[in-house]
Amino acid sequence: MPANLTQQYLKAEAEYRRAATPEEELDCLQVMLRELPKHKGTDKLQAELKHKISKTKKEIEQHRQSGGKKGGGFRLPRQGAGRAVLIGGPNAGKSQLMCNLTRATPEVAVYPFTTHEPVPGMMSWEDVMVQVVDTPPITADVFAPATQGLIRSADIVLLLIDLGSDEGIEQVQEVLDHIGRTKTRLANASHFDQAEVGVIHTKTFAVPNKIDLPDAADRLELLHAFCPLEFEQFVISAETGQGLDELRLAVYNSLDVVRVYTKMPNKKEADYDRPYTIGRGGTLREIAQLIHKDFAENLKFARVWGSNIHDGSQVKADYVLHDKDVVELHI
Ligand SMILES: Nc1nc2c(ncn2[C@@H]2O[C@H](COP(=O)(O)OP(=O)(O)O)[C@@H](O)[C@H]2O)c(=O)[nH]1
Ligand SMILES: [Mg+2]
């Protein structure tokens, strides 16, 4: 593992996962290459970054030539505080869970392969919105490139397991085997693989579903015995809603964000309708950037109200914000 990756490198790497456009990807890759310590241990990673940079440049060029119409693969714009991606074998209950977590209405059906395209929706947790994406089933034969891209870009993957059928365990094994043959990995924490170039690990929860059915508890025991998973587990019924409150909370917590409300200098009350969200440890500068890039450039100071600070204190751009802080920006 190449030691001493800088904060800037790690930040660019995190942003790369979240990039919505090839242009954003290119920016991140260039920062990563610049920040990567150059020595023998990082030769492979350097080569990989250079290869990705030239590939991304080509993608941007092709996109321009086609007049911005076609080009590149499937890209779903990110929305909300983060992205959760639902995956699993056929009939595991992905679409049912999607219906229950969001207002989206993917088709739920007793026959497999009803979902052909990824379907996005928004889940709310308190006053935060999180993007949830339903995907086509993964089997021994089928693993759509679009699904793989979504897993790599996800903040959290929910691996649905069917406790309603004796084939459920076999199906999840097939899902894991198939993903294992690609450069994408399901893991306990998200990170880039430092040993195997190009491999991305994405944080995953195991979500055994249909616990409302009579034989489900027995099948859950079989799952633990024959296919032990290293992931944190949430047992649910997507149909009855059992376990979904815990799952929503865990999804929100896995994003590791803080909420910040803004207040106009001439107003008494903050705007509590919709918070801005930034990664925990993020600064005032990031909030200013989210609002407008001119704000970030011209920011003089801000007043902050919150649990960790004397109300109305004046702070600078590098101030680290806490959950539910209210900020009043002065430019
Ligand atoms: N009993 C029960 N049935 C469920 C549950 N979740 C999904 N189902 C049923 O399982 C079938 C497949 O669900 P669906 O969401 O379409 O699966 P997908 O292929 O993973 O999207 C449908 O008949 C659903 O009604 C659950 O929690 N309990
Ligand atoms: Mg479906």
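Laboratory data are not the source of any read-out in this text; all were calculated from the coordinates shown. The structure displayed is predicted, hence computed values, not measured ones. Note that each Cβ is placed from the backbone with ideal geometry, even for glycine, and that neighbours are counted across all protein chains shown.
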Roughly how far apart, in whole Å, are the Cα centres of region 227-255 and region 272-331? 32 Å
Pulled fully out, how much extra length does the chain show between T240 and Q79, if you take 0.36 nm times their separation in residues and subtract their Cα-Cα distance? 55.2 nm
Proxy exposure order for V172, V320, V85 (fewest C-beta within 10 Å first) is V320, V172, V85
Is the C-alpha gyration tensor of region 121-195 telling us rounded, prolate or oblate? Criteria: a/c under 1.5 is rounded; beyond that, a/b larger than b/c is prolate, otherwise oblate. oblate
Does the chain come out rounded, prolate or oblate by the C-alpha gyration tensor, with a ≥ b ≥ c the root eigenvalues, rounded set by a/c under 1.5 and, if not, prolate when a/b is larger than b/c and oblate if not? oblate
With the chain treated as a Gaussian network of Cα nodes joined by springs under 10 Å, which of A270, A81, A250 yields the largest mean-square fluctuation? A270
Which peptide among 4-12, 277-285, 158-166 comes first, and what is the full order, when sorted by highest mean count of other Cβ atoms within 10 Å? 158-166, 277-285, 4-12
Of the DSSP beta bridges with both residues in the chain, give the percent that are antiparallel, rounding to the nearest 5. 50 percent
Dipole of the chain, positive end: most advanced residue of S190, H310, L86 [Cβ charges, Cα centre]: H310
Can you show me the helix-derived [θ] at 222 nm for the chain, built from DSSP H runs with n ≥ 4 at -39,500 (n - 2.57) apiece and divided by the number of residues, rounded to the nearest 500. -11000 deg cm²/dmol
Fewest first, what order do R17, R78, R219 take by the number of other Cβ atoms within 10 Å? R78, R17, R219
